[in-house]
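The values are calculated or read from the model by the stated rules, or taken from the named source; none is laboratory data. All values reported here derive from a predicted model rather than from experimental measurement. Backbone-built Cβ (ideal geometry, glycine too); neighbour counts: all protein chains shown. Areas reflect the complete protein model, heavy atoms only, side chains present, ligands, DNA and RNA absent. Shrake-Rupley method; radii C 1.70, N 1.55, O 1.52, S 1.80 Å.
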Amino acid sequence: MLQFALWRIAGLWWTLFAASLVIFIVIEVLPGDPAQVMLGMSGDAQSLGALREQLGLNAPVAQRYLTWATGMLHGDFGVSYTYSVPVADLLRERLTVSLPLAAIALALATVLGLPLGVLAARFRGRLSEAGLMAGLQVGVALPNFWLALLLIYVFSISLRWLPAGGFAGWEKGLWAGLSSLLLPAVALALPQAAILARIMRSALLDVMHEDYIRTARAKGLSRQATLWRHGVRNAMIPVLTVLGLQFSFLIAGAVIIESVFYLPGLGRLVFQAISQRDLITVKSTVMLLVTATVLVAFFVDLAYAAIDPRLRKAPR
Amino acid sequence: MMKNVPSEKASFFNSRYSASLLLGTVITIVVVGTGVLSFFWLPFNVSSLNVAQRLQPASAQHWLGTDQYGRDLLSMLMIGAQTSLGVGLFAVGFGMLLGVPLGLLAAARRGFVDQLLMRFNDLVFAFPAVLSAILITASLGPGALNSIIAIGIFNVPVFARVARGGALSLAGREFLLAARLAGKGALRITFEHVLPNIASLLIVQATIQLSMGILAEAGLSYLGLGPQPPLVSWGRMLNEAQTLVSFAPQLALIPGATIVVAVLGFNLLGDGLRDLLDPKLRGGPR
Amino acid sequence: MRLNSLTKLLKRVALPCLLSVACLAGNSHASDHASLNIGMQLEPPHLDPTAGAAGAIDAVTYANIFEGLTRIGAHGEVLPALARSWKVSPDGLSYTFYLAKGVQFHDGSPFSADDVKFSLDRARGDGSTNAQKPLFSAIKEVVAVAPNEVRVDLLRQEGSLLFNLGWGDAVIVSRQSAKGNRKHPIGTGPFQFSRWVKGQEIQLQRFDHYWGSPAKLDTVRFKVIADPNAAIAAVMAGDVDAYPGFPAPEALGHLEADPRFKVFAGSSEGETILAMNNKAGPLADVRVRRAVSMAIDKQALVEGAMYGYGTPITSHFAPHHPAALDLAAETPFDVREAKHLLKQAGYEDGFTATLKLPPPSYARRGGELIASDLSKIGIKLKIVPVEWAQWLADVFKGKNYEFTIVSHTEPMDIGIYARKDYYFNYDSAEFDGVVKQLNAASDTQARYSLLGEAQRIIARDAVNAYLFQLANVSVWNAKLEGMWKDAPIQAIDVTHVHWQD
């Protein structure tokens, strides 16, 4: 187990290093000069040069990479060109939106998806399964931003029950914050719930095939009890993987939903920073998101290995 | 085990799975067919804009009405299929063309090459897909070709994994040994024996990636980073309709529903094909 | 569509959990009469109007947080502000301002003539980062004569001095707090800065020790809502009470019909043009440029891209200005004549070119319509959407473009056609001569006739295709009063805004 963990940690660092290089290079390639953007149509050559110097844009490429990468290791994410505040502060502000949004969406998806998956497996072969599966198929095919548009149209504009967008802020009370995140979370969660349900169903069907299920049934345990006591528990492994992947998707991939609801989340921060050529913010935020994704995958892997010793071979 | 699965139920499974396959095939044929048809014939010309005709309701002339520039919505959907399916297809092609050889190579060589592929996969999966698609289109510029690259990059590790897994499962099979004994080279064995045997796996994966590609194109277009005018795509139609959703909801509803139907079709087809090709999942008592 | 009946169904089949949500949510929408939520498209990079060109800085701070000696009113007129009155010497070279009494900055420090001297010297000094330094170029010296009296001596006569001192770039700041104004602006206005949630909103609070008549609102929030779709949703759902410079003209017809809202289409200083690189291939030929201008149906363009909110223009000049001429006869909409001109220029079969479009919807939508228009005379345009960063680097600075669409929002900016090395690549000795005379002329009639000459020359040379004047469209809650209709400067002055009872 220890050897496996060490091996995975080495892989983790490698991935993070390679990712930081990729991010840095891609962002160097972005056309457009941050200094020019800050000065707009009125900047002259002299002030442009001064600003570039001030932003540290004139240093050699390798040096800029090292400054950035070593800074990140010390928790220094740089200072935003656009807002002239530390990027870390921006990230902290944005996380108070992105994390709860991802958590609510994930909770919704789990609460909806897993029971539906179990039901679909239980009803296997009945007409109700066909109906359920058809519903899930449609759910998987739904573009979440389109769903979001429909939700806004019905619940904000027509019924005026929930705000159409924006984030009221937690300091105005729990409900104020939650109400701004409810529609976006539903839009994000429904397609994810459909995916989860399908995974749950097929994992269950796979598991129900196994010998220990037959044994349990042979011992006289009811079908119902077998399904819940043995089936669901063992089917959780693939489900957990998908949940892990979904969490990183929900934190970073919510860009489009954040645009629809103009939520000040992490994805939107990156999107805006790209168009304003606030390169340091783009670099650091993307790196943070990549790190989160890699870490989640790492812990999911470790959790597996802890559950299932067969997965503990060092080089996969 | 279920208690005595009645035989008519078993046949019902089979008929339902073929129902999924049938429905998927029908939808796919209709969607792809209209896309192909639009190359030769359209109800109305959509390249010249006519503002005076804009936002007309459905009528005998314009079956689905007209959009904000007075273009026939049905014609837009038809010609939009070209781009939406095209971007998805080329992205799948991109992924297959790079991913399958990589996967096969990794399966054949194992060791170092295999490790390298794994590390590459780790790297690609470390980036949240939407985010890197945005980064890629921002640095290369928005457009159809760059959307293909941005979406296609994520297909590479997917196909590499499928090809590698498929090839490994064939390792040690008799027909491969026989081919090797007959003196065939590795490349020839790969082409003549391995590829045909994993083709079904790849095709199933391709339909799934295609439907994901269509969704991804729609998402990129919604952010304005996808194909650009004069190209029409379903995602771009949604993008242009988003501000009109309160006043002319049909402009957002119809392209969105079209995306859902198309994606549903490819998913059903993929599922149906998998069930057909993978006997483990088919009918059979559980 | 069916959604309406779905809505009705949902309303009737009272889903219990959602209903309880509704009751709770209902309160968050109701606007109390002491606060105001304003939507704005662009977030300011910082909040110091004396150190940045971004219009969004002025939008939040002008008149609300910061005041100058004079100020510009809702109709572009000069009004007294911190200077309650002034006297001009007979030779026009010396202005004496008499300042308001009992004024204090938001940090409690008193305001005096020293602050005026400090602010003006800082704006025009060597280390100045002021974006509009030329506004102060005529000033020789600023003298604090008494605590409430300031004299400004000039190098030359400057008819527009009082107007210039009313710009956001000329506001009065305090010596102690000037450095911190980017993050925490401290001025003398009726509102003080309270907090800024980046990417979301900027909040102002009424300043209780304001020297003049106090503001009627307690709290004003400027909410950053860049996306046109989100702007519509926010207005319709009541999340914002007013949105000056509303970015989605397509929604205005419906908002106008809704009794909850008032819609105003005022004038703006934004001339929207199809800019042409006058040195790029076929576009170097005036006949080609004229053909392009004549092939564009401007009326349909205003209708299609702006849903009718805009005024077609015939030269680079605001049509509401008294010196504006109607030069439609120079390049009338005439596709046949346009084809004829192209043929004369040797492009009978047309040509292919690129059209680079910055992000605003007037450019993106206009581009699609213009591409369709130009295809009718054989010019095939490849549309390349760019972000502002790329536009500035590529088009504006690099002059690496053939066509682009952009709105020039500075007031009275026809002089840019005389700039050497400007991105149009236009060079006309005749035009330069007119501008030189214009700068020297002080008589209004003479100035107007020179301005007319300038308009005529660039229209005749078809330097660019002049499309339309942007409308400054604002949407307000119907119960709100006192907002500006026109946009003579980029300000959202809320000092007199109040709710009707």
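When you go through (1) under 32 Å from the mean Cα position of the chain (by Cα); (2) outside any loop (DSSP other than H, G, I, E, B); (3) buried (at least 20 other Cβ atoms within 10 Å of the Cβ) one by one for C:LEU341, which number turns out not to apply?
(1)
In the range C:79-96, which residues are under 18 Å from C:LEU154 (Cα atoms) and of a type in the set (Lys, Arg)?
C:LYS87
Assess whether A:LEU12 counts as being away from chain C (no Cβ under 11 Å) and either in contact (Cβ under 8 Å) with a residue 40 or more places away in the chain or surrounded by 15 or more Cβ atoms within 10 Å (Cβ to Cβ) (or both).
On the way: away from chain C (no Cβ under 11 Å): yes; either in contact (Cβ under 8 Å) with a residue 40 or more places away in the chain or surrounded by 15 or more Cβ atoms within 10 Å (Cβ to Cβ) (or both): yes.
Yes, satisfied.
Considering only residues that are of a type in the set (A, V, I, L, M, F, W, C), in a helix (DSSP H, G or I) and out of contact with any Pro (no Cβ under 6 Å at 6 or more places or on another chain), which ones fall in the range C:285-301?
Let us first name the residues in the range C:285-301 that are of a type in the set (A, V, I, L, M, F, W, C), namely C:286, C:288, C:291-292, C:294-296, C:300-301.
Remaining after also requiring in a helix (DSSP H, G or I): C:286, C:288, C:291-292, C:294-295, C:300-301.
C:VAL286, C:ALA291, C:VAL292, C:MET294, C:ALA295, C:ALA300, C:LEU301, listed by residue number.
Taking the range C:199-249, which residues are more than 14 Å from chain A (Cβ to nearest Cβ), acidic (Asp, Glu) and in contact with a Lys or Arg (Cβ under 9 Å, 6 or more places away or on another chain)? Working first, answer last.
Looking only at the range C:199-249, we keep the residues that are more than 14 Å from chain A (Cβ to nearest Cβ), and these are C:204-218, C:220, C:242, C:244-246, C:249.
Among the residues that remain, those that are also acidic (Asp, Glu) are: C:208, C:218.
Answer for the range C:199-249, where residues must be more than 14 Å from chain A (Cβ to nearest Cβ), acidic (Asp, Glu) and in contact with a Lys or Arg (Cβ under 9 Å, 6 or more places away or on another chain): just C:ASP218.
Might you let me know whether the range B:119-135 holds any residue that is outside any helix (DSSP H, G or I), touching a helix residue (DSSP H, G or I) at 6+ places or on another chain (Cβ under 8 Å) and within 23 Å of A:GLN246 (Cα to Cα)? Give the derivation first.
Applying the first criterion (outside any helix (DSSP H, G or I)) to the range B:119-135 yields B:127-128.
Still in the running and touching a helix residue (DSSP H, G or I) at 6+ places or on another chain (Cβ under 8 Å): B:127-128.
Within this subset, residues satisfying the condition of being within 23 Å of A:GLN246 (Cα to Cα) are B:127-128.
The answer is yes; a qualifying residue exists.
Within 24 Å of the chain's Cα centre (by Cα) and either surrounded by fewer than 24 Cβ atoms within 10 Å (Cβ to Cβ) or under 17 Å from C:LEU99 (Cβ atoms) (or both): is that true of C:GLN192 in this structure?
Taking the combined requirement at face value, the residue satisfies it.
If C:LYS436 satisfies all but one of (1) at pLDDT 90 or above; (2) open to solvent by 30 Å² or more (accessible area, probe 1.4 Å); (3) not hydroxyl-bearing (Ser, Thr, Tyr), what's the number of the condition it fails?
(1)
Going by what's in this entry, would A:LEU30 be described as more than 8 Å from every other protein chain (Cβ to nearest Cβ) and not aromatic (Phe, Trp, Tyr)?
Against the criterion (more than 8 Å from every other protein chain (Cβ to nearest Cβ) and not aromatic (Phe, Trp, Tyr)), A:LEU30 does not qualify.
Going by the structure shown, is A:PHE247 open to solvent by 10 Å² or more (accessible area, probe 1.4 Å) and over 21 Å from A:ALA107 (Cβ atoms)? Can you show your working first?
Details: open to solvent by 10 Å² or more (accessible area, probe 1.4 Å): yes; over 21 Å from A:ALA107 (Cβ atoms): no.
It is false that A:PHE247 is open to solvent by 10 Å² or more (accessible area, probe 1.4 Å) and over 21 Å from A:ALA107 (Cβ atoms).
Please enumerate the residues belonging to the range C:386-398 that are open to solvent by less than 10 Å² (accessible area, probe 1.4 Å) and more than 7 Å from chain A (Cβ to nearest Cβ).
Residues satisfying the conditions are C:VAL386, C:TRP391, C:VAL395.
Any residue at all in the range B:35-58 that is hydroxyl-bearing (Ser, Thr, Tyr) and over 18 Å from B:PRO229 (Cα atoms)? If you could, list the steps in order and put the result at the bottom.
Initially, the range B:35-58 is screened for residues hydroxyl-bearing (Ser, Thr, Tyr), giving B:38, B:47-48.
Filter once more, keeping what is over 18 Å from B:PRO229 (Cα atoms): none.
Within the range B:35-58, not a single residue is hydroxyl-bearing (Ser, Thr, Tyr) and over 18 Å from B:PRO229 (Cα atoms).
Please work out which residue is surrounded by the fewest Cβ atoms within 10 Å (Cβ to Cβ), limiting yourself to the range B:16-74 and to residues that are of a type in the set (Ser, Thr, Tyr) and under 30 Å from A:PHE123 (Cα atoms).
Only one residue tops the list, namely B:SER18.
Sort out which residues of the range A:65-90 are open to solvent by less than 50 Å² (accessible area, probe 1.4 Å) and more than 14 Å from chain C (Cβ to nearest Cβ), and write them in order of number.
If the condition is that a residue be open to solvent by less than 50 Å² (accessible area, probe 1.4 Å) and more than 14 Å from chain C (Cβ to nearest Cβ), then A:TYR65, A:TRP68, A:ALA69, A:GLY71, A:MET72, A:GLY75, A:PHE77, A:GLY78 are the ones that fit.
Among the residues that make up the range C:187-198, is at least one of them in contact (Cβ under 8 Å) with a residue 60 or more places away in the chain, within 14 Å of another protein chain (Cβ to nearest Cβ) and either touching a helix residue (DSSP H, G or I) at 6+ places or on another chain (Cβ under 7 Å) or not β-branched (Val, Ile, Thr) (or both)?
Within the range C:187-198, one or more residues are in contact (Cβ under 8 Å) with a residue 60 or more places away in the chain, within 14 Å of another protein chain (Cβ to nearest Cβ) and either touching a helix residue (DSSP H, G or I) at 6+ places or on another chain (Cβ under 7 Å) or not β-branched (Val, Ile, Thr) (or both).
Could you list, in sequence order, all residues of the range C:51-92 that are surrounded by fewer than 23 Cβ atoms within 10 Å (Cβ to Cβ) and over 25 Å from C:HIS496 (Cβ atoms)?
Hits for the range C:51-92 are C:ALA51, C:ALA53, C:LYS87, C:VAL88, C:SER89, C:PRO90, C:ASP91, C:GLY92.
If you take the residues of the range A:219-244 that are assigned to a helix (DSSP H, G or I), among the basic types (Lys, Arg) and away from chain B (no Cβ under 12 Å), which of them is least open to solvent (accessible area, probe 1.4 Å)?
Looking at the filtered set, the residue picked out is A:ARG229.
Would it be correct to say that A:ALA107 is surrounded by 16 or more Cβ atoms within 10 Å (Cβ to Cβ), touching a helix residue (DSSP H, G or I) at 6+ places or on another chain (Cβ under 9 Å) and more than 9 Å from every other protein chain (Cβ to nearest Cβ)?
So A:ALA107 fails the test.
Regarding the range B:224-232, can at least one residue be identified that is part of a helix (DSSP H, G or I) and open to solvent by less than 20 Å² (accessible area, probe 1.4 Å)?
No, the range B:224-232 has no match at all.
Hey, which of the strands (runs of 3 or more DSSP E) in the range C:347-453, taking only ones fully inside, have at least 3 residues that are without any contact (Cβ under 8 Å) to a residue 60 or more places away in the chain and aliphatic (A, V, I, L, M)?
Output list reads C:379-385.
Considering only residues that are closer than 18 Å to A:GLY169 by Cβ, crowded, with 19+ Cβ neighbours inside 10 Å and not acidic (Asp, Glu), which ones fall in the range C:199-221? First the steps, then the outcome.
Within the range C:199-221, the first condition is being closer than 18 Å to A:GLY169 by Cβ, and the residues that meet it are C:199-205, C:218-221.
Filter again for crowded, with 19+ Cβ neighbours inside 10 Å, leaving C:199-202, C:204, C:220-221.
Result: C:GLY199, C:GLN200, C:ILE202, C:LEU204, C:VAL220, C:ARG221.
Counting only residues that are in a loop (DSSP other than H, G, I, E, B) and among the β-branched types (Val, Ile, Thr), how many does the range C:50-92 have? Break it down stepwise before answering.
As a first pass, look at the range C:50-92 and keep what is in a loop (DSSP other than H, G, I, E, B): C:52-54, C:63-65, C:67-69, C:73-77, C:81-82, C:89-92.
Filter once more, keeping what is among the β-branched types (Val, Ile, Thr): C:65.
Residues meeting the conditions: 1.
Under 7 Å by Cβ, and 6 or more places apart or on different chains, what pairs join a residue from the range A:117-145 that is over 16 Å from B:MET212 (Cβ atoms) and at the interface with chain B (Cβ under 9 Å from one of its Cβ atoms) with one that is of a type in the set (Phe, Trp, Tyr) and open to solvent by less than 20 Å² (accessible area, probe 1.4 Å)?
Filtered contacts from the range A:117-145: A:GLY125/B:PHE13.
Return the pair list, or none, for Cβ contacts closer than 9 Å from residues in the range B:77-95 that are closer than 15 Å to B:PHE266 by Cα to residues that are open to solvent by less than 20 Å² (accessible area, probe 1.4 Å) and of a type in the set (Phe, Trp, Tyr), at least 6 apart or on different chains.
Close Cβ pairs (under 9 Å, with a partner that is open to solvent by less than 20 Å² (accessible area, probe 1.4 Å) and of a type in the set (Phe, Trp, Tyr)) amount to B:ALA81/B:TRP234; B:SER84/B:TRP234; B:GLY88/B:PHE266; B:VAL92/B:PHE159.
Can you tell me which residues in the range C:222-281 are among the hydroxyl-bearing types (Ser, Thr, Tyr) and either modelled with pLDDT of 90 or more or buried (at least 22 other Cβ atoms within 10 Å of the Cβ) (or both)? Steps first, please.
Residues of the range C:222-281 that are among the hydroxyl-bearing types (Ser, Thr, Tyr), as a first pass: C:243, C:267-268, C:272.
Across the range C:222-281, the qualifying residues are C:TYR243, C:SER268, C:THR272.
Considering only residues that are touching a residue at least 40 places away in the same chain (Cβ under 8 Å), touching a Gly at 6+ places or on another chain (Cβ under 7 Å) and within 11 Å of chain C (Cβ to nearest Cβ), which ones fall in the range B:202-231?
Residues satisfying the conditions are B:GLY226, B:PRO227, B:GLN228.
If a residue must be more than 8 Å from chain A (Cβ to nearest Cβ), part of a loop (DSSP other than H, G, I, E, B) and under 19 Å from C:ASN229 (Cβ atoms), how many such residues does the range B:241-279 contain?
Total meeting the criteria: 2.
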